[in-house]
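Chemist: Just passing along the structure, written as structure tokens.
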Amino acid sequence: MKQPLTLYGPEFSTYVRSVLLCCEEKDIDYNLQDITLKSKKLLNLNPFGRVPVMQDGDYVVYESAAICLYIDTQFQGPALTPTNTVDLVRMQQWISIANCYLDDIIVRNYLLEFAFPSGKTGAIDDDKINLALKLIPQYLATLDHYLSRADYFSGSRPGIADYLIIPMLHYLRKAPRAEELFEQHPIVSQYIKKMLERKSCIKILR
């Protein structure tokens, strides 16, 4: 019998949650183990010291999109990757957008600044927050525009790009000034509602 996947990282991490969502969508067994960031154990698994990390027997993979792709291609269940070129390229585009822009501004500059303030004497860094508040509405407008003509960021059904993005949007929806940020972006709000009705999201994004 195949052993469950071992996943390393804190459950609250958006990227860890992305991997967990893919596991739930594929209905596969996994064990989630918390791990200290930059610890010797983590650095032995991932020389960059970041999470999540996946281990399947002796095979180790880091970087969330790569882990999700491994899960999709190695296990039975609903496909998380489109088969047609147009949707596949669009999905890869949104994976890059999530990793390069959304994570940087929404998660690192905004959400984490409230959770773990980086300013002097432990205060919130207003410069980070103000930069995020300038860019987040622009990003949400871009998402809103795209979703006005597409069901999901991965094509006609949810896929890897969606499971990378939804944990970020879910946290943002509960963050300070969320109502103000989302009031001009009803399509994104409807997308969040639709995704949160999925069984995987109900379990992981509780």
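Chemist: Name the pairs: first residue in the stretch 136-162 and closer than 22 Å to V16 by Cα, second residue aromatic (F, W, Y), Cβ to Cβ under 6 Å, at least 6 apart or on different chains?
Modeler: From the stretch 136-162, the pairs are F153/W94; P158/Y152; A161/W94; A161/F153; D162/Y152; D162/F153.
Chemist: Where residues in the stretch 184-206 are surrounded by 14 or more Cβ atoms within 10 Å (Cβ to Cβ) and among the basic types (K, R), which of them is farthest from D27 (Cα to Cα)?
Modeler: Looking at the filtered set, the residue picked out is K194.
Chemist: May I pose another question? Considering only residues that are aliphatic (A, V, I, L, M) and under 16 Å from the mean Cα position of the chain (by Cα), look in the stretch 63-86 and name the one that is farthest from G9 (Cα to Cα).
Modeler: Filtering first and then ranking leaves L80.
Chemist: Please give the number of the condition V89 fails out of (1) modelled with pLDDT of 95 or more; (2) more than 16 Å from the chain's Cα centre (by Cα); (3) part of a loop (DSSP other than H, G, I, E, B).
Modeler: (3)
Chemist: So, in the stretch 45-86, of the ones that are of a type in the set (D, E) and within 20 Å of K26 (Cα to Cα), which residue ends up surrounded by the fewest Cβ atoms within 10 Å (Cβ to Cβ)?
Modeler: So the residue we want is E63.
Chemist: Output the number of residues of the stretch 101-130 satisfying the condition of being more than 21 Å from the chain's Cα centre (by Cα), part of a helix (DSSP H, G or I) and farther than 18 Å from R173 by Cα. Give the derivation first.
Modeler: Just the residues of the stretch 101-130 that are more than 21 Å from the chain's Cα centre (by Cα), to begin with: 117-127, 130.
Filter again for part of a helix (DSSP H, G or I), leaving 120-122, 126-127, 130.
Checking the rest, the ones that are also farther than 18 Å from R173 by Cα come to 120-122, 126-127.
Here the count works out to 5.
Chemist: May I pose another question? What pairs can you find where one residue is in the stretch 26-42 and on the phi < 0 side of the Ramachandran plot, the other is assigned to a strand (DSSP E or B), and their Cβ atoms are less than 6 Å apart, with a gap of 6+ or different chains?
Modeler: So the pair list comes out as Y30/L5; Y30/L7; N31/T6; L32/L7; Q33/Y8; I35/Y8.
Chemist: Also: Starting from residues that are over 20 Å from H185 (Cβ atoms) and charged (D, E, K, R), keep the ones in the stretch 116-140 and report whichever is surrounded by the most Cβ atoms within 10 Å (Cβ to Cβ).
Modeler: K128
Chemist: Can you find, within the stretch 20-60, the residue that is nearest to C201 (Cα to Cα) among those that are touching a Ser or Thr at 6+ places or on another chain (Cβ under 6 Å) and part of a helix (DSSP H, G or I)?
Modeler: Selected residue: L21.
Chemist: Step by step: first the residues of the stretch 9-18, then only those that are surrounded by 23 or more Cβ atoms within 10 Å (Cβ to Cβ) and free of Cβ contacts under 8 Å to residues at least 60 places away in the same chain, then the one that is farthest from R206 (Cα to Cα). Which residue is that?
Modeler: My answer is G9.
Chemist: Does D27 fit the bill of being exposed (fewer than 15 other Cβ atoms within 10 Å of the Cβ) and farther than 24 Å from L169 by Cα?
Modeler: When the stated conditions are applied, D27 does not pass them.
The values are calculated or read from the model by the stated rules, or taken from the named source; none is laboratory data. None of these values were measured; they are calculated from a predicted model. Note that we place each Cβ from the backbone using ideal geometry, even for glycine, and neighbour counts take in every protein chain shown.
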